[in-house]
Amino acid sequence: MAMKSWRRVSAAGAAIAALALSTLVPVSALAATTPDPDVLVHYDFAVDGVVTDVSGHGNDGTIVGTGARVSGGELTLPGGGAGSGAGYVRFPAGIFDGKDTLTVSTWLRNDTGSGNYAAMFFGSGTGSAPAQYWLLNPRNPAGRFKTVITNGSQPSSPWNTEYGISPTTGSQGVNGPTTGSEWAMYTTVITPTSITGYYNGALVGTVATSRTVSQFGTGLVGYIGRSTYNDPYYKGGVDDVLVATTAYSAAQVAELFHGNERTSAAQTQAALTADADALTLPSEATSDLTLPATGATNLSHISWASSTPGVIASDGRLTRPGDGEGDATVTLTATLTLAGRSLTRDYTVMVPALDAQRDLERSADAFDLGIRVTAQDVALASQWQGATVGWASSAPAVLSPAGAVKRGDADATATLTATFTRDGRTASRTYDVTVRSRDVGQVAAYVRSGDTARTDVLHLAAGADGASLVALNNDKGVLYPTYGTGTSRFANPTLFRKPDGTFGLVASDNASNGRIFVYSSKDLVTFTDQKWALTNTQGIVVSRADVRYDNGTRQYRLTLRTPSGSAYEVTTADFSTFSAPVATSPSTVPSVTGLPTGAVEASALRVSQAELTRVQTALGRIVNTSVDAGPDLTVQAGGTLDLPSKVDLGYSDGSSKKLGVDWDTSGVDLSRAGSYTVTGTVRQPTYGDAKGILVPERADPWVYRDDERTGSAEYYLTGSYPTTQAKPGVGYDRIVLRRADSINGLTTASENVLLWARGAASPDTSNGSTVASDNYRYFWAPELHRINGDWYILFTSSRSSNVWDIRPTIMRAPGDSDPMVASNWKVLGYVKAAPGDSAAFTSFSLDMTYFEAAGKHYLVWAEKPGSSDLRMAEIDPSDPTQLTSRSILLSTPNYAWERTSSQVINEGPAVIASDREVFVFFSASEVNETYAVGMLRAPLDGDLMNPATWTKTGYPLLTSDDFGGAQNGPGHNSFTLDENGNPVIVYHARPPVSEWPAGADGGLNDPSRHARVKTVHFAVDGSAVLNQTREEELAPAFRTVTRTVTVLPAPEPVLNVTTSVTTRCVAGKVVQVVTVTNGESIPVTLSATGAYGTRSWGAVAAGKTLSAAISTRVGAIPSGEITVQGSATKDGKTVRFERSTPYTAVSCG
C-alpha cells in the first residue's frame, strides 16, 4: 500500500473548498482543522484495526463479524454467505435518517465478481427484505456498476421499485459501465428528485426519482460489505469512504477522483490533456469570445490570459483594430487545473481590422441557407447582419426567387444566388438546392397493440397513393430502443425530413415523461445515432412529438403533445438542447387510414417514388418474379439434346439464385425433324417430414457438408442429445454423429456415439467410443469442422459434477480418417484464453463455433458473466485449443427481443459468408417461444477483431411469427450448402403444441426441439434473408418451365473426297498432275476433266490416294480449274460428288 500522499489529506473537504473559491491550490493548504458540517462521515482507514471517522464528527464505524481487517490504509473484507459471520462494517445507528440529500463515495477493489450483493448499503433493518434502501453493487449479475434507491413502497418485492444505475428493472434507470477487479471510485449523489452515479469521477447518468430518504422512515441501518438482503457479503478492498449531506457537482466528483492517491499523476495529466484537446477557439474573431471556464470532458478549471488584452481581454471581450490599422494576432493562454495539477495550452486568434467591404464578405460567408435538399418551400432571408439580401434562381420554375417550390417527376437542382448589400457595397454567394420529386405515396410509422417492450417499437408500412399500406419486415419491429434507456419503449413514432436530404425519427418515451428518442436515417431503412433527449425541464409529459425543419432559423420546430391533449412548441438545432416550451393551440393529429391490423399510434411521411421503392425493396417481402430456363434449342436430327441443369430465378429486389430442374423430354423425337415443347419441373428442395422435421429431438443441430473425404458430397449431423424429466441424469451426456449423401438422408441415417460424459448413466462403448475423463454433463451444441485439414468437434461440457460449470472443449480426429469411427477421436481439452485475457472463459461459457476469413481463423462463443454475451478471438489453426489473441466483446443483449423477464441472452453463434461480408448469426432471448435469430455483419476485408467493424441488426431475422404458428422458438442454427450450392439454415424449433407431459415441455428439459431446415436467400444488398417462404422463393407460376426444341432435317449425305492439282515441266511442256484421296470407308468412282484432257480412275478403294497426269502439250498455260466428279452408293443412296480445283498460270519457257 502506498503511503498517504499530500494529495490525499482531507481530499474531500479540499476539493469542495477549492471549487467554492473558484480557484485551485494545493490540497494540503486547505486541510480543514475544524469539522466540515457537510461531510457526515469520512473513513480513510489510516489507523490499523479500527474504522475512524476523520471528518471530525466522531461517526466511527464498527467492525462486525470475523475476517475483516484494517491495515496498510485500507479495509479488507473476507466475503461469505449471508449469515456466515463474515466481517463487515456498520455505520452509526440512524446516521442516514432524514438525509434527503447525500453524496456517497468510496474506492473498491472488488474480489466478489458479478452477482447480487452490496458493497455499501443503508435502509430498512427489519423484515425478510429491506423495504426501503439505497444499495451500491460494484458488479451486478450483468457485470455492471449498480447504484439504486427504492422509489416506491413494495415491501414484498422492493427490488421492483429500484431506480438508478443498473436497476433490477432496466427501464427504471440507465445501464452502468462494466467493471472489473481493479481499484475504482464509485460515487452516488442522491437528491429529493434524482439519483446520479459516477464511475472513476466520470458521470454515468442521472435518473429522476420522487421518493426521499425521509420517507424511508427512521432507524435506518447502514453497512459496508453487506445489505439486509439474504445476499452474499462483499469480498475485497475498501478505501476512502465519504458521506456528505450536500449534492456534489460533477466537477467536485472529478476533483475527488483526481485528488486521491490511487489516481496517478499520469492519469490526471491525461485528463488535463483531454480537456485541452477538446478546447477550440476560432482562428479569426470579430466579436466577443466565450472562453470556457470548465473542461468539457474531465471538468478541469480553466483560466485565461491574453498576449494583447487591449484586443482580446482575458474574459473574451474583443476590440477590433480601427479602419486602416493592421490586423492583430492574439495568443490566448489557457491554464487547466485539476486536483492541484496544471497544464497550459496556447491558442492563436486573428482579429481583423475594421474594413467595410471585407466585413460584408465575412457576413456573406457567415450566412447559412440552412438547407440543401427540400420537399417544401424554402424561407429566404431579406436581412442579414445589417445587410439587405436579394435572391435570384437558376430554375425559377423549380425554386422561385421567393422560395416557392414546385416538385416534378424527378429530382431537380436549382442554384440560388444571394446578393448582400450594405452601405452601398455588395457581395454575392450561391447555394445549390435539390428539390425532391413529387410525392406518390407514404411510409407509416407505428407501434403495435400489446403494450410491451416488444410491441412498443418502430414498425413501418408503405404504400402508393390509392393502394393499401403494406406492413414491412413481416410486420415486425425494424427499430428497438437500446434496452435500459428510459422505459425502453416507443410511443407515437413520427418521421421527418432533414435539410441534407436524410430523415429523422422521434418517439416519446412511452408517453411517461418529457423525453423523446431521436434517430437519424439515410434511407428510412436503417436508423442510427440514438439519443434520449429531455425536451423540457417543466415536467411536461410528452406523448407525441411532431417535427418540422425551419431553414429560416436553421432549427427544428417540435410540437409536443401531452396525454391530456395540450400542446407546446420547442425548438432545437441538435436535439440535445431545447428552447423553453411555449403553449400553443393543439391541432388535430393527422389520421392514417389503411393501417395493418394491430397498428396503433401511427403517423405518416409522404415520400417520392424513389424513396418509396427503396424502403419497399429493402424491407418488403422478397418474392420470385421471374424464371429463366435458357434459350430455345435447335438440334440436327440424330443429334443429342443438351438442356440446362438449373434455372435462374429473379426476385422483386433485383436479386437472383439458381435451382435445379428436371426435364421431361419424352415427347421429343430426335430422329424426325419438327418443333417440340419440353417441360421442366423446377426442383425446389423440401426438407424433413410433413411437419418440417428433419431429425426429431436434436436441439442445436449442426450440419456439415464435406466434399473432400470421398470426392462426393457427404452430409454430417450432430446436435445436443436431449434430456427429459422422465429420465433424470440421462441426456446431454454424449456426442453423436450421423452421415448421409443428402440432407434428407440424415433423417434415417444411423447415429454413432463418439464420446460419453464422465458419469454418464450406462455408457455403451462397444463401438470404440470412450468415456471422458475430464468432461462431465452437460454436453451441449457440438459442431463438426475441418480445421487445418483435420476433423474437430467443438462442444460444451462441464469441468465438474456441477452441470453448470461449463466451458468450451475440443476433440480431434485425423483428417484422413473416417469421422464416424468413434475410436478415431481424442479429446484435446478445454479451450484456453490468451495470456492477459481476463474476460475469456472466466464465466459460464458455451456454444463455440469456428470460421475462417481472409486467411485468419477465429472462434466465437457465448460467455455469461451476467447476461450471455458473444466473444471472439483468433486462433492458430494448428492448435485450436489455444486462443492467440485477447478476446473481444462481439455482442451483448441490448434490445427487448434479446431478453425476457428472467433471461438476457446472446448465444449459439453460427457463421456464413458471402463474397463481400461475414455474417455471425446468433440466438437470443429465452429457450421458449421467444427464442429468435439475430445477426451481426462485417466486411470480409475488414479488421474483424475490431468490434467497431461489426454492425448488429437491431431486430431479429427469424422468429416464431415467421411461421404463422406452425413452429415456435426457432434458433441455435448452423449453415450448409444444398445440392444446388445454395445456402440453407439448419435450426431447431418446437411444435406449436406440447408433445410431452406437463413440466417437461419447457426450457432445457424439452426434447421436442426438433432439427429443421429452410433455405437462405441473399438480397441484392447482400443481406441474408431467413424468413422467405417457399412460395416467395419459387412462385407457383414458375414451378414449371417450357422450352421449344427444333429438330432440323438430317443433311444430305456427302462424299469425303479431297483433291489437288500440281504442275511440272517435261521437255519444255506443262504437265498437270491431279491427285484424289478417298476418305470414305467405301469405294468411290472418280474422274477429272480440264481444258487439256480427261482422266478416269474408276473405283478408288476406301482410304486410297491416286494421281493422274494430263499433258498440256504447250509451254505455258493460264490459271484455270480441273473438275473432279465421282459417285458411290452410301447408306443405300447414290451420292454424287463434284469439285472444281483451281490451278495457277505456269510457263516452262
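The values are calculated or read from the model by the stated rules, or taken from the named source; none is laboratory data. For clarity, every value in this text was computed on a predicted model and none was experimentally measured. Cβ sites come from the backbone with ideal geometry, for glycine too, and all protein chains shown count toward neighbours.
Overview of results
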item	result
Residue among LEU870, LEU859, LEU890, LEU883 that is in contact with a helix residue (DSSP H, G or I) (Cβ under 8 Å, 6 or more places away or on another chain) and in the same structural domain as PHE1018 (by TED's automatic domain parsing)	LEU890
Some residue of the range 565-572 being in a loop (DSSP other than H, G, I, E, B), assigned by TED's automatic domain parsing to the domain that holds GLY504, over 25 Å from GLY441 (Cβ atoms) and within 35 Å of the chain's Cα centre (by Cα)	no
Unmet criterion (only one of (1) in contact with a Gly (Cβ under 9 Å, 6 or more places away or on another chain); (2) within 24 Å of ILE516 (Cα to Cα)) for ALA445	(1)
Set THR348, THR308: member being closer than 22 Å to ALA285 by Cα, free of Cβ contacts under 8 Å to residues at least 40 places away in the same chain and touching a strand residue (DSSP E or B) at 6+ places or on another chain (Cβ under 7 Å)	THR308
Residue ID - farthest from the chain's Cα centre (by Cα), chosen from residues in the range 190-216 that are more than 23 Å from SER300 (Cβ to Cβ) and assigned to a strand (DSSP E or B)	THR191
Residue under evaluation GLY73, criteria (1) under 23 Å from VAL253 (Cα atoms); (2) surrounded by 22 or more Cβ atoms within 10 Å (Cβ to Cβ), criterion not met	(2)
Matching entry among GLY56, GLY113, GLY79, GLY94 (being touching a Lys or Arg at 6+ places or on another chain (Cβ under 7 Å), outside any strand (DSSP E or B) and of a type outside the set (Val, Ile, Thr))	GLY113
Flag if VAL547 is of a type in the set (Val, Ile, Thr), within 21 Å of VAL457 (Cβ to Cβ) and in a strand (DSSP E or B)	yes
Residues of the range 991-1031 classified as modelled with pLDDT of 95 or more and either at positive phi or touching a Pro at 6+ places or on another chain (Cβ under 6 Å) (or both), total	3
Conditions (1) without any contact (Cβ under 8 Å) to a residue 12 or more places away in the chain; (2) of a type in the set (Asp, Glu); (3) farther than 30 Å from THR482 by Cα; number of the one not met by ASP451	(3)
Test set (1) polar (S, T, N, Q); (2) touching a residue at least 24 places away in the same chain (Cβ under 8 Å); (3) within 30 Å of ASP465 (Cβ to Cβ) - SER576 fails condition number	(3)
Enumerated strands (runs of 3 or more DSSP E) restricted to the range 436-539, each holding at least 1 residues that are farther than 30 Å from THR553 by Cα and of a type in the set (D, E, K, R)	439-448
Residue satisfying condition, being assigned by TED's automatic domain parsing to the domain that holds ASP231, part of a strand (DSSP E or B) and of a type in the set (Val, Ile, Thr), within set THR187, THR168	THR187
Matching residues in the range 122-154 - criterion: being within 19 Å of TYR88 (Cβ to Cβ), touching a helix residue (DSSP H, G or I) at 6+ places or on another chain (Cβ under 9 Å) and either crowded, with 23+ Cβ neighbours inside 10 Å or without any contact (Cβ under 8 Å) to a residue 24 or more places away in the chain (or both)	PHE122, GLY123, PRO130, TYR133, TRP134
Search result, residues across the range 625-656 that are touching a helix residue (DSSP H, G or I) at 6+ places or on another chain (Cβ under 6 Å) and within 21 Å of ASP475 (Cβ to Cβ)	ASP653
Residue match in the range 89-101 (condition: buried (at least 21 other Cβ atoms within 10 Å of the Cβ), polar (S, T, N, Q) and modelled with pLDDT of 95 or more)	no
SER750 touching a strand residue (DSSP E or B) at 6+ places or on another chain (Cβ under 8 Å), hydroxyl-bearing (Ser, Thr, Tyr), under 25 Å from ARG1012 (Cα atoms) and modelled with pLDDT of 95 or more	yes
Every residue from the range 550-564 that is in a loop (DSSP other than H, G, I, E, B) and surrounded by fewer than 21 Cβ atoms within 10 Å (Cβ to Cβ)	GLY552, THR553, ARG554, THR562, PRO563, SER564
Conditions (1) assigned to a loop (DSSP other than H, G, I, E, B); (2) of a type outside the set (A, V, I, L, M, F, W, C); (3) buried (at least 18 other Cβ atoms within 10 Å of the Cβ); number of the one not met by GLU1052	(3)
Only one of LEU281, LEU272, LEU291 that is touching a Ser or Thr at 6+ places or on another chain (Cβ under 7 Å), of a type outside the set (Lys, Arg) and not in a strand (DSSP E or B)	LEU272
Lone qualifier among SER801, SER766 - being modelled with pLDDT under 95, over 30 Å from ASP689 (Cβ atoms) and part of a loop (DSSP other than H, G, I, E, B)	SER801
Filter result (modelled with pLDDT of 95 or more, touching a helix residue (DSSP H, G or I) at 6+ places or on another chain (Cβ under 9 Å) and surrounded by fewer than 17 Cβ atoms within 10 Å (Cβ to Cβ)) within the range 310-351	SER342, THR344, ARG345
Lone qualifier among TRP825, TRP791 - being in contact with a helix residue (DSSP H, G or I) (Cβ under 9 Å, 6 or more places away or on another chain) and either at pLDDT 95 or above or farther than 29 Å from TYR715 by Cβ (or both)	TRP791
Whichever residue in the range 739-772 is touching a residue at least 60 places away in the same chain (Cβ under 8 Å) and of a type outside the set (Gly, Ala, Ser) and, among such residues, is farthest from PRO685 (Cα to Cα)	LEU755
Residue within the range 996-1017 that is assigned to a loop (DSSP other than H, G, I, E, B), farther than 21 Å from GLU926 by Cα, of a type in the set (S, T, N, Q) and assigned by TED's automatic domain parsing to the domain that holds SER902 present	no
Top-ranked residue of the range 669-686 - restricted to ones that are within 17 Å of ARG1039 (Cβ to Cβ) and surrounded by 14 or more Cβ atoms within 10 Å (Cβ to Cβ), ranked as farthest from the chain's Cα centre (by Cα)	VAL678
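Residue-wise test of (1) surrounded by fewer than 24 Cβ atoms within 10 Å (Cβ to Cβ); (2) among the small types (Gly, Ala, Ser); (3) over 24 Å from the mean Cα position of the chain (by Cα); (4) outside the structural domain of SER543 (by TED's automatic domain parsing).
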| position | (1), (2), (3), (4) |
| --- | --- |
| HIS459 | no, no, no, yes |
| ALA464 | yes, yes, yes, yes |
| PRO481 | no, no, no, no |
| ARG489 | no, no, no, no |
| THR502 | yes, no, no, no |
